[in-house]
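Let me begin by presenting the structure, written as structure tokens, before commenting on it.
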Amino acid sequence: MLIFKGFIEKLGISLFFIIFFYHYAKSFIYSISYSLAIWFGIAKHYPLEVAKGSVELPLMVCFHLLFCALCIYLFSVPIKSALSFSYHSIFPLIVLGVLLGVGLMGFSSLLCRAVIECLRSMDSSFPQDVSQWLIMVRSGWVRHYFHTLDVLPFYIALLIVCAQVCCEELMFRGVWIHYFSSGPMVSIIMSTCLFMGMQVFHMPSRLSVIFPLVGSMVIGLVHGILYSCVPSLIPLMVSHATFFLVAVL
């Protein structure tokens, strides 16, 4: 009973942090991005929606880093050991991360295609052309990745995109797997569920969130298992960045 009570408390606290930041804090960031895009003069050269999206992601990264630092401090996460590496090991870790990211992207694409075919077979009102599904994927929070790549110099945009997905690894593998220390399976499942739940915020429809949900499920489970076996975030960050860049580019 005490274990169950402790789990419920942890679940409530984690949900509070996830909803507070990924819903409400992101809503605040989105609300001020229009004004900042005009103030910085970006809206003079690009459509306002594109200019707004290019401001949203850099702002999001700054707030995300602060949020990660706060959670690491509050939950006493031993993050230094998870981010440690030697100069001899960094290259193999990067190579493994890239290969893992490409493999996960391929597997996620296969799963997404299977989901699409199932939905189309059950209801003819669903889009029949795959290109229409891809257009839906570019909506919601996903759009500011494309807008950032469109507006900012490529390498700066690439750095911002990688910083954002690295923050997600810090949070959903580094923090929440450590926080749900009731056992490896519980930690992996809970961190994956939180990761999937985060994808739903700020998406315009249930259909547009299918690809992010499938991708986050695959990444969450595989990365969670790997992190539980070998608590190193470096290859997982590289994998996540590779996964996302393959999807976006």
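The values are calculated or read from the model by the stated rules, or taken from the named source; none is laboratory data. Here the structure is a predicted model, which is why all the values come from computation and not from measurement. Note that we place each Cβ from the backbone using ideal geometry, even for glycine, and neighbour counts take in every protein chain shown.
Does region 173-188 contain at least one residue that is charged (D, E, K, R) and surrounded by fewer than 22 Cβ atoms within 10 Å (Cβ to Cβ)?
Scanning region 173-188, I find no residue that is charged (D, E, K, R) and surrounded by fewer than 22 Cβ atoms within 10 Å (Cβ to Cβ), so the answer is no.
Give the residue that is nearest to Val248 (Cα to Cα), with candidates limited to residues of region 179-220 that are small (Gly, Ala, Ser) and free of Cβ contacts under 8 Å to residues at least 40 places away in the same chain.
The residue in question is Ser216.
I'm checking my understanding of the structure. Among residues of region 57-74 that are surrounded by fewer than 17 Cβ atoms within 10 Å (Cβ to Cβ) and touching a helix residue (DSSP H, G or I) at 6+ places or on another chain (Cβ under 8 Å), which one is nearest to His178 (Cα to Cα)?
Leu65
Considering only region 33-46, how many residues are farther than 14 Å from Thr148 by Cβ and within 26 Å of the chain's Cα centre (by Cα)? Let's see the steps before the verdict.
Applying the first criterion (farther than 14 Å from Thr148 by Cβ) to region 33-46 yields 34-35, 38-39, 41, 43-45.
Then keep just the ones that are within 26 Å of the chain's Cα centre (by Cα); that gives 34-35.
Of the residues in region 33-46, 2 are farther than 14 Å from Thr148 by Cβ and within 26 Å of the chain's Cα centre (by Cα).
So Val95 fits all but one of (1) at pLDDT below 90; (2) of a type outside the set (Lys, Arg); (3) surrounded by fewer than 15 Cβ atoms within 10 Å (Cβ to Cβ); what number is the exception?
It fails just one condition, (1).
Assess whether Val209 counts as being of a type in the set (A, V, I, L, M), closer than 24 Å to Leu11 by Cβ and surrounded by 17 or more Cβ atoms within 10 Å (Cβ to Cβ).
In short, yes.
Please go through region 53-97 and give me each residue that is among the aliphatic types (A, V, I, L, M) and closer than 17 Å to Val230 by Cα, ordered by number.
Residues of region 53-97 that are among the aliphatic types (A, V, I, L, M), as a first pass: 55, 57, 59-61, 65-66, 69-70, 72, 74, 77, 79, 82-83, 90, 93-96.
Once the filter is applied, which keeps residues that are among the aliphatic types (A, V, I, L, M) and closer than 17 Å to Val230 by Cα, region 53-97 yields Val77, Ile79, Ala82, Leu83, Ile90, Leu93, Ile94, Val95, Leu96.
Just to be sure I understand, how many residues within region 5-39 are buried (at least 16 other Cβ atoms within 10 Å of the Cβ) and farther than 17 Å from Met171 by Cα?
6
Let's see how each residue does on (1) at pLDDT below 95; (2) surrounded by fewer than 17 Cβ atoms within 10 Å (Cβ to Cβ); (3) farther than 20 Å from Ser76 by Cβ:
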site: Met203; (1), (2), (3): yes, no, yes
site: Val214; (1), (2), (3): yes, no, yes
site: Ile219; (1), (2), (3): no, no, yes
site: Val230; (1), (2), (3): yes, yes, yes
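Hey, which of the helices (runs of 4 or more DSSP H) in region 132-249, taking only ones fully inside, have at least 3 residues that are over 24 Å from Leu100 (Cα atoms), of a type outside the set (Val, Ile, Thr) and more than 17 Å from the chain's Cα centre (by Cα)?
No helices (runs of 4 or more DSSP H) qualify here.
Considering only residues that are more than 25 Å from Val175 (Cβ to Cβ) and of a type in the set (A, V, I, L, M), which ones fall in region 78-121?
Val95, Leu99, Val102, Leu110, Leu111, Ala114, Val115, Ile116, Leu119, listed by residue number.
Quick one: Leu236 ticks every box in (1) in contact with an Asp or Glu (Cβ under 6 Å, 6 or more places away or on another chain); (2) of a type outside the set (Gly, Ala, Ser); (3) without any contact (Cβ under 8 Å) to a residue 60 or more places away in the chain except a single one, so which number is it?
The number of the failed condition is (3).
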